[in-house]
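This report concerns only the one structure given below.
The values are calculated or read from the model by the stated rules, or taken from the named source; none is laboratory data. Note that this is a predicted model, so its numbers are computed, not measured. Virtual Cβ from ideal backbone geometry, glycine too; neighbours counted across all protein chains shown.
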Amino acid sequence: MIQRLSLNQITTENWGLEEAIKGCERHEISHISIWRHKLQAFGLTETKALLRDTGVNVSSLCRGGMFPAETISERKANIEDNKWAIEEAAELGTDVLVLVCGGMSSHNLSESRKWVREGMEQIVPFAEEHGVKLGIEPLHPMYAADRSVITTLGEANALKQRIGSEQVGVVVDVFHVWWDVNLYEEIQRADGSILGFHVSDWKVPLPDVFKARAMMGDGVIDIPRIRAAVEKSGYGGPIEVEIINQHIWDQREDETLQVMKDRFLKYV
């Protein structure tokens, strides 16, 4: 087993959860990050049994968050969905729920950020009861309108500090943060509260906005330097390969996993 390597399930988007877990077993990949829609399609009971049989561990559950919404009733529904996600994470044996905080609602950026904070404050006690930590994953600013109004590690650190709970931490995804002039200062500021580390690469030119991530080694990101900084700040957990790319989705999944392993050992 490659002990710290984790397949973020979206890298093999065309596989269902059963295929992905068995693929990890076949390729000796020790961890998987599970996406909730795949979990719900395969079934929680079935997933737990398969994880037990294969020995594959869950590095995180993706995703909670998506807090901003136009109406109070929609925001309440989002809170309930996050509580459901926390329960799923606990059942799967992972203590990390990755939060993609949600894009701008009502064309009001500051209000949307306020709803993110308020939403997190409402679910923190529930997360603590279930032994699950909430990992704020800042996304690249090009996703602020539709996916996350939290766009830098500095914003994520500030949000964690404002909430003031040890149940909250941050997730460092190299694709989203590599460009930030304050990155290494903010990684140091996050000392002891980094809950996840995700790798891919930034290829020039980007092939797409959403399906933009490249395999490690095919782009410009200095992944080893970021990894070293993250580890210096106390993170020693699984490293998730999270790649959203149509070309990679179109190739054979077993080929993707083999390339992923090779590139992980060479470029991460």
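Please go through the stretch 63-90 and pick out each residue that is within 12 Å of Arg36 (Cα to Cα) and among the charged types (D, E, K, R).
Matches in the stretch 63-90: Arg63, Asp81, Glu87, Glu88.
Working only within the stretch 219-236, note down all residues that are closer than 27 Å to Pro207 by Cβ and in contact with an Asp or Glu (Cβ under 8 Å, 6 or more places away or on another chain). Outline the logic, then answer.
Filtering the stretch 219-236 for residues closer than 27 Å to Pro207 by Cβ gives 219-227, 230.
Within the stretch 219-236, Gly219, Val220, Ile221, Ile223 qualify.
Of everything in the stretch 51-103, what is touching a residue at least 12 places away in the same chain (Cβ under 8 Å) and of a type in the set (Ser, Thr, Tyr)? Give them in sequence order.
Answer for the stretch 51-103, where residues must be touching a residue at least 12 places away in the same chain (Cβ under 8 Å) and of a type in the set (Ser, Thr, Tyr): Thr54, Ser59, Ser60, Thr94.
What do you reckon, is Glu88 at pLDDT 95 or above, in a helix (DSSP H, G or I) and farther than 25 Å from Leu5 by Cα?
Working: at pLDDT 95 or above: yes; in a helix (DSSP H, G or I): yes; farther than 25 Å from Leu5 by Cα: no.
Considered against the rule, which asks whether it is at pLDDT 95 or above, in a helix (DSSP H, G or I) and farther than 25 Å from Leu5 by Cα, Glu88 comes out as no.
Restricting to the stretch 184-215, give me the number of residues that are of a type in the set (S, T, N, Q) and over 15 Å from Asp173 (Cβ atoms). Break it down into steps so the answer makes sense when it comes.
The initial filter retains those residues of the stretch 184-215 that are of a type in the set (S, T, N, Q), namely 188, 193, 200.
This time we only want the ones that are over 15 Å from Asp173 (Cβ atoms), so: 188, 193.
Summing the residues that are of a type in the set (S, T, N, Q) and over 15 Å from Asp173 (Cβ atoms) in the stretch 184-215 gives 2.
Per-residue answers, yes or no, for (1) over 18 Å from Ala89 (Cβ atoms); (2) among the basic types (Lys, Arg); (3) over 20 Å from the mean Cα position of the chain (by Cα):
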site	(1), (2), (3)
Ser6	no, no, no
Ile10	no, no, no
Leu17	no, no, no
Glu25	yes, no, yes
Ile29	yes, no, no
Ile32	no, no, no
Arg36	no, yes, no
Leu44	no, no, no
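Yes/no per residue for (1) aliphatic (A, V, I, L, M); (2) surrounded by fewer than 22 Cβ atoms within 10 Å (Cβ to Cβ); (3) at pLDDT 95 or above:
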{"position": "Arg75", "(1), (2), (3)": "no, yes, yes"}
{"position": "Asp81", "(1), (2), (3)": "no, yes, yes"}
{"position": "Leu92", "(1), (2), (3)": "yes, yes, yes"}
{"position": "Met120", "(1), (2), (3)": "yes, no, yes"}
{"position": "Leu153", "(1), (2), (3)": "yes, no, yes"}
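Quick check on my filter: what residues within the stretch 125-146 are out of contact with any Ser or Thr (no Cβ under 8 Å at 6 or more places or on another chain), surrounded by fewer than 20 Cβ atoms within 10 Å (Cβ to Cβ) and not in a helix (DSSP H, G or I)?
Going residue by residue through the stretch 125-146, those that are out of contact with any Ser or Thr (no Cβ under 8 Å at 6 or more places or on another chain) are 125-127, 129-131, 133-134, 136, 142, 145-146.
Add one more test, that the residue is surrounded by fewer than 20 Cβ atoms within 10 Å (Cβ to Cβ), and what stays is 125-126, 129-131, 142, 145-146.
Correct list: Gly131, Ala145, Asp146.
Of all residues in the stretch 42-69 being touching a helix residue (DSSP H, G or I) at 6+ places or on another chain (Cβ under 7 Å) and assigned to a helix (DSSP H, G or I), which is farthest from Met104 (Cα to Cα)?
Of everything passing the filter in the stretch 42-69, Thr54 is farthest from Met104 (Cα to Cα).
Just for the stretch 187-206: of the residues that are over 18 Å from the mean Cα position of the chain (by Cα) and over 19 Å from Arg147 (Cα atoms), which one is surrounded by the fewest Cβ atoms within 10 Å (Cβ to Cβ)? Give the derivation first.
Going through the stretch 187-206, the residues over 18 Å from the mean Cα position of the chain (by Cα) turn out to be 188-189, 191, 203-206.
Cutting the leftovers down to over 19 Å from Arg147 (Cα atoms) gives us 188-189, 191, 203-205.
Values: Gln188: 11, Arg189: 17, Asp191: 11, Lys203: 16, Val204: 8, Pro205: 5.
Among residues in the stretch 187-206 that are over 18 Å from the mean Cα position of the chain (by Cα) and over 19 Å from Arg147 (Cα atoms), the one surrounded by the fewest Cβ atoms within 10 Å (Cβ to Cβ) is Pro205.
Has the stretch 241-256 got at least one residue that is buried (at least 17 other Cβ atoms within 10 Å of the Cβ), of a type in the set (S, T, N, Q), at pLDDT 95 or above and assigned to a helix (DSSP H, G or I)?
Our first condition is that a residue be buried (at least 17 other Cβ atoms within 10 Å of the Cβ); within the stretch 241-256, this holds for 241-245, 248-249, 253, 256.
This time we only want the ones that are of a type in the set (S, T, N, Q), so: 245, 256.
Next, from what is left, pick out any that are at pLDDT 95 or above: 245, 256.
Then keep just the ones that are assigned to a helix (DSSP H, G or I); that gives 256.
Yes - at least one qualifying residue is present in the stretch 241-256.
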